[in-house]
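So the structure is just underneath, and the comments pick up after that.
The values are calculated or read from the model by the stated rules, or taken from the named source; none is laboratory data. Keep in mind that this is a model prediction, so the values were computed, not measured. Cβ coordinates were reconstructed from backbone atoms using ideal geometry, including for glycine residues, and neighbour counts include every protein chain displayed. Note: accessible area is taken over every heavy atom of the protein model, side chains too, but ligands, DNA and RNA are not part of it. Shrake-Rupley method; radii C 1.70, N 1.55, O 1.52, S 1.80 Å.
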Amino acid sequence: MPGKRNRLARQRHAVGMPQEQLAVALGVERSTIYRWESGEATPRPDLQPKLARTLDLAPADLANLLAVNAEPTPAPATMRDPGTSDAARPHQSWTENTAPRRAHDYQGRIDAGESPRGFLLDTVVETPLPTRLGWTEVEHVRATTRTVAMSENLFGGGLPYETAAAQLRWAGQLLETQAPNEVHRCVAEAVGNLASVVAFSAFDIANYSAADRHFEFALRCSDEAGSWQLRANTLAEMARKAAYLGDLDDALELIEFAQVRSDRLTATARAMLASVRARLLALIGRYAEAHADVERADAHFADHEPDADPPWLCYYDAAEHQGSTGKALIPIAQASGAPELASGRLTTAVKLQAADYPRSRTFSRIRLASLMMTTGYPREAVPIGRQALIDTATLQSKRLLTELRGLAQSASHHVQLSDVAELRHDIATLRRPST
């Protein structure tokens, strides 16, 4: 069979395409192309139309080529057996389309008719998959997500990303497994939540291409699950990433798309989205609108009911709300020379952020120290910045290092003070965390 199947390789050579280029075009691993050409595996049905087009073949010609001496294989789990009820119907794959999208591509309604599996990296899954999904698998993915999120909060995004990405590759395969409709919906939402956490871990260690890929996958899962809550949360995290990288226009579009169906969101989610939008408006100088959004966020949070929130919003508690709204008010406080506009919220966040959230607490300390430096209170800023520096040394987060460098820059006007100069020196010599 392998000798016959290498006709696929000959056709690839005929169109002048290396294995690696074909793999990129199809969104799979190069090893997958090798297995197809050696006869060890057959391209998935959803990939075959694109494979035919890429190799300049008619679909029938590709089918004949793949059928040469091929071993008969069992029907895949995604094929519907005669008589299967709608409640247990497996969900079919979509066609591959992994091109990155800009903010304006996310404004449409949720389309639950496609499966997100094609957005995962092609991989060999060693852990056996169940033949049919139940609530055990839903809780398995949710528990995995909680563990990953806790690890990320404690240690930063480095190691959690590596381990969680492997978990996500396995969990993504569940979306092709037979399940009752409600179980499938919950699995898709749980996998999307895990993907969003993995994406933010990648963002935390500056692996932006991986973050984009996993955010895209999370959005596809939210579409499949019909979950406006997950869609809004994922778009908000994408907005944070865009803002961090300086693309404020895209970030503002993303957060406004996240608010499209705010009537489907809990009060906590609306508070979170308003605080992110307030930050973006403040950064582009629209201070009055930013302040109004902070007040709106406060009003929403006053109505929050944690029991009604989806699991991924558990992080947005009183401490996070104070930290997020305080961060939003920093540009206004700096422009007006009135640190008290934001310092009270940031101080409260530091006090409330428990030991389970050392990274969030460190961010709040850095921002508070930077605010005090830029508004003329360097002596008050130094001990806060010193503690943040100590905490950062134990966390794998390039974002923290970037914010510390911002603190050092804000302190440049006060280098005549020995303790400020020493803090700047220690920030400059802080060892970068491995990723």
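In region 8-54, which helices (runs of 4 or more DSSP H) lie fully inside it and hold 3 or more residues that are open to solvent by less than 60 Å² (accessible area, probe 1.4 Å) and of a type outside the set (A, V, I, L, M)?
Hits in region 8-54: 30-38, 48-54.
Tell me, which residue of region 28-83 that is under 33 Å from the mean Cα position of the chain (by Cα), over 18 Å from residue 7 (Cβ atoms) and of a type in the set (Gly, Ala, Ser) is modelled with the lowest pLDDT?
For region 28-83, the residue satisfying everything is 77.
Counting only residues that are at pLDDT 90 or above, crowded, with 21+ Cβ neighbours inside 10 Å and of a type outside the set (Phe, Trp, Tyr), give me the helices (runs of 4 or more DSSP H) lying completely in region 153-266 with at least 1 of them.
181-204, 208-225, 228-244, 248-258
With (1) among the hydrophobic types (A, V, I, L, M, F, W, C); (2) over 21 Å from the mean Cα position of the chain (by Cα); (3) within 20 Å of residue 424 (Cβ to Cβ) as the list, and residue 308 as the residue in question, which single condition is left unmet?
(3)
One line per residue, one yes/no per condition, for (1) over 24 Å from residue 244 (Cβ atoms); (2) open to solvent by 50 Å² or more (accessible area, probe 1.4 Å); (3) out of contact with any helix residue (DSSP H, G or I) (no Cβ under 6 Å at 6 or more places or on another chain):
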position: 302; (1), (2), (3): yes, yes, yes
position: 316; (1), (2), (3): no, no, no
position: 334; (1), (2), (3): no, yes, no
position: 350; (1), (2), (3): no, no, no
position: 378; (1), (2), (3): yes, no, no
position: 393; (1), (2), (3): no, yes, yes
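Would you mind telling me which numbered condition in (1) touching a residue at least 40 places away in the same chain (Cβ under 8 Å); (2) closer than 23 Å to residue 340 by Cα residue 399 fails?
Checking residue 399 against (1) touching a residue at least 40 places away in the same chain (Cβ under 8 Å); (2) closer than 23 Å to residue 340 by Cα, the one that fails is (2).
Scan region 267-294 residue by residue and report those that are of a type outside the set (Gly, Ala, Ser) and open to solvent by less than 10 Å² (accessible area, probe 1.4 Å). Step through it out loud before you land on a result.
Step one: filter region 267-294 for residues of a type outside the set (Gly, Ala, Ser), giving 268, 270, 272-273, 276-277, 279-281, 283-284, 286-287, 289, 291, 293-294.
Residues satisfying the conditions are 268, 272, 273, 280, 281, 293, 294.
Would you mention how many residues in region 380-391 are open to solvent by 20 Å² or more (accessible area, probe 1.4 Å), modelled with pLDDT of 90 or more and not hydrophobic (A, V, I, L, M, F, W, C)?
4
Give the residue, chosen from 355, 335, that is farther than 24 Å from residue 238 by Cβ and outside any helix (DSSP H, G or I).
Numbers: 335 fails: outside any helix (DSSP H, G or I).
Among 355, 335, only 355 is farther than 24 Å from residue 238 by Cβ and outside any helix (DSSP H, G or I).
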